[in-house]
Amino acid sequence: MSKPNNDELIKLRQKIDKLDQELVSLVAQRMKLVVKVGLYKKAKNIPPLDLVRWQQVVESRRKLATKYGLNSEFIEEVFDLLHEQALKLEEGV
Amino acid sequence: MSEKSIWLARHGQTEWNKEERYQGRKNSPLTKAGKEQAELVGRLLLDKNIEQIFVSPLGRARETAAIISNILGREAMVMEELAEMNFGLFEGKTKSETRIAHPDFYSSRESSEQKISLAYPDGESYLDVWDRLALPILSLMSREGEILLIAHNSVNKVIRGILLGQELKQVVSHDQKNNQVIQIFPNIGEERVHHV
């Protein structure tokens, strides 16, 4: 494989930067929905942690990871972190 | 170990505060008294181990933050969401002027429910403000250390509601004076008001 020259490297990094911006924006959108879920649960006296739902999320995200050629354990770790933050947000609402 | 708190300050008094004009997204400079209030807030917080300061992007809040930051030796970071509620057509006008120009607005917001959901003409409602502030404020709760927020009367009401876990209708009637600093303990849902 030929080593990319600087121009190619810059372009590739620009694409990564753009995707990262979308990624962070998507995480923020996801967390905004989590806050709404937290409000709903608070109003209905439902506890933040729902293990059944969480197992379903993990299973489906692992499958998605495989579909996109990613390591499913890595994606599970990413979602563990998202879930940890989501629970903090829901508990804080 | 002491309970973590988030400190909520309002900008010092401005020229428009003195004239009782709606400010919102428009700006008015601090008065001499406003600058003194900021200095007193800085001194009050000097031994409170403030680790992070976030400030609204609006001039009066940044002017206040510059004075406080100088005393505390910590730089304030601008948080866009801390900008004051958008009062739309009311901005720059006095309360008596808006009462004459928009009588329907006032008669439509008599109950606390209406007060939180009705947007100012071409502006925001308290619910709109809650929507933009909930995520950044809840996210602050999981940060380590004491945090100071320097913002505005209306957004601070919403922040109090979020941090204390109270409904908006419980907090929208409580004005924060320019010389008050509210210390909120989000984990136990309590607050302490300091006067400078």
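Since every read-out is calculated from the coordinates, none of them should be taken as a lab result. Only a predicted model underlies this, so the values are computations on that prediction, with no experimental measurement involved. Heads up, the Cβs are rebuilt from the backbone with ideal geometry, glycines too, and the neighbour counts pull from every protein chain shown.
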*What helices (runs of 4 or more DSSP H) lie completely within the stretch B:1-75 and have 2 or more residues being among the aliphatic types (A, V, I, L, M) and surrounded by fewer than 21 Cβ atoms within 10 Å (Cβ to Cβ)?*
B:32-45, B:59-72
*Restricting to helices (runs of 4 or more DSSP H) lying wholly in chain A: which have 2 or more residues that are within 14 Å of another protein chain (Cβ to nearest Cβ) and out of contact with any Cys (no Cβ under 7 Å at 6 or more places or on another chain)?*
A:6-44, A:72-92
*If you scan the stretch B:148-170, which residues turn out to be buried (at least 20 other Cβ atoms within 10 Å of the Cβ) and either β-branched (Val, Ile, Thr) or without any contact (Cβ under 8 Å) to a residue 60 or more places away in the chain (or both)?*
B:Ile150, B:Val155, B:Lys157, B:Val158, B:Ile159, B:Gly161, B:Ile162, B:Leu168
*Identify the residue in the stretch B:84-97 that is surrounded by 21 or more Cβ atoms within 10 Å (Cβ to Cβ) and of a type outside the set (Asp, Glu) and, among all such residues, is farthest from B:Leu58 (Cα to Cα).*
B:Phe90
*asked:* Quick test for you: out of B:Gly88, B:Gly34, B:Gly42, pick the one residue that is small (Gly, Ala, Ser) and without any contact (Cβ under 8 Å) to a residue 60 or more places away in the chain.
replied: B:Gly42
